[in-house]
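Working notes for the structure below.
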Ligand code: 5GP
Ligand code: MG
Ligand code: MG
């Protein structure tokens, strides 16, 4: 069995390792088509997007480059405030480059809105977003997302790069945490 120690803390598995992998391959096939004749730069948002980036990039048939950004959103605990600080910037000049931002999850979309306007000001040739997961609240903020793995309910989930207090990123499935973990 896969990650038994980690998965025993879940009340519900939303998506298995296999389901996530299959969806990433589908999105990769779309991206292959859309960027067939373009020089693609994948921009992963640390730390959560590490797993998505690893799987998506290796499922692509086309060439791509990868770069990373780390941002911290100020806010009280679990609420995103939209005030974002760049902890690690890109190593690449994206002027004239086709950029695809790779995200783990979009909740309010506030973090992403900031990121998008920041990256747009650098004049990339194009700028699109891919996310593994998206929550309903994201619809309230006008963040256009070209590729979505799964639309999920408004619940706190862990696994596939998503953490609770730094843990569970290495859980291969995605699910909701059992209450005993919080207390
Ligand atoms: P937003 O600015 O879209 O509200 O926040 C996005 C960030 O909040 C994500 O990159 C992630 O770090 C965190 N986040 C939002 N929802 C969840 C969730 O269900 N589980 C986990 N582990 N992190 C989440
Ligand atoms: Mg993220
Ligand atoms: Mg987190």
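Of all the listed residues (102, 97), the sole one being under 18 Å from residue 44 (Cβ atoms), within 15 Å of ligand 1 (Cβ to nearest atom) and in contact (Cβ under 8 Å) with a residue 12 or more places away in the chain is 102. When region 27-52 is filtered for residues that are more than 16 Å from ligand 3 (Cβ to nearest atom) and touching a strand residue (DSSP E or B) at 6+ places or on another chain (Cβ under 9 Å), the ones remaining, listed by number, are 27, 30, 31, 34, 35, 38, 39, 40, 41, 42, 43.
Looking only at region 85-113, residues that are over 20 Å from residue 53 (Cβ atoms) and either under 13 Å from the mean Cα position of the chain (by Cα) or at pLDDT below 95 (or both) come to 4 in all.
Yes or no, residue by residue, for (1) in contact with a helix residue (DSSP H, G or I) (Cβ under 9 Å, 6 or more places away or on another chain); (2) at pLDDT 95 or above; (3) exposed (fewer than 14 other Cβ atoms within 10 Å of the Cβ):
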| site | (1), (2), (3) |
| --- | --- |
| 20 | yes, yes, no |
| 43 | yes, yes, no |
| 47 | no, no, no |
| 54 | no, yes, no |
| 65 | no, yes, yes |
| 74 | no, no, yes |
| 79 | no, no, yes |
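Residue 121: surrounded by fewer than 18 Cβ atoms within 10 Å (Cβ to Cβ), more than 10 Å from ligand 1 (Cβ to nearest atom) and modelled with pLDDT of 90 or more, yes or no? Spelling it out, residue 121 is indeed surrounded by fewer than 18 Cβ atoms within 10 Å (Cβ to Cβ), more than 10 Å from ligand 1 (Cβ to nearest atom) and modelled with pLDDT of 90 or more. With respect to being within 16 Å of ligand 3 (Cβ to nearest atom), in a loop (DSSP other than H, G, I, E, B) and surrounded by 13 or more Cβ atoms within 10 Å (Cβ to Cβ), residue 108 fits the description.
Residues are listed down the side, and each one gets a yes or a no for (1) touching a residue at least 12 places away in the same chain (Cβ under 8 Å); (2) within 14 Å of the chain's Cα centre (by Cα); (3) under 22 Å from residue 115 (Cβ atoms); (4) not in a helix (DSSP H, G or I):
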| site | (1), (2), (3), (4) |
| --- | --- |
| 14 | yes, no, no, yes |
| 23 | yes, yes, no, no |
| 26 | no, no, no, no |
| 37 | no, no, no, yes |
| 42 | yes, yes, yes, yes |
| 45 | yes, yes, yes, yes |
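Does residue 149 satisfy the condition of being surrounded by 19 or more Cβ atoms within 10 Å (Cβ to Cβ), farther than 15 Å from residue 3 by Cβ and more than 15 Å from ligand 3 (Cβ to nearest atom)?
Considered against the rule, which asks whether it is surrounded by 19 or more Cβ atoms within 10 Å (Cβ to Cβ), farther than 15 Å from residue 3 by Cβ and more than 15 Å from ligand 3 (Cβ to nearest atom), residue 149 comes out as yes.
The residues in region 151-167 that are within 15 Å of ligand 2 (Cβ to nearest atom) and under 15 Å from the mean Cα position of the chain (by Cα) can be counted, and the count is 9.
The values are calculated or read from the model by the stated rules, or taken from the named source; none is laboratory data. Everything numeric here is computed off the predicted structure, so don't read it as measured data. Cβ coordinates were reconstructed from backbone atoms using ideal geometry, including for glycine residues, and neighbour counts include every protein chain displayed.
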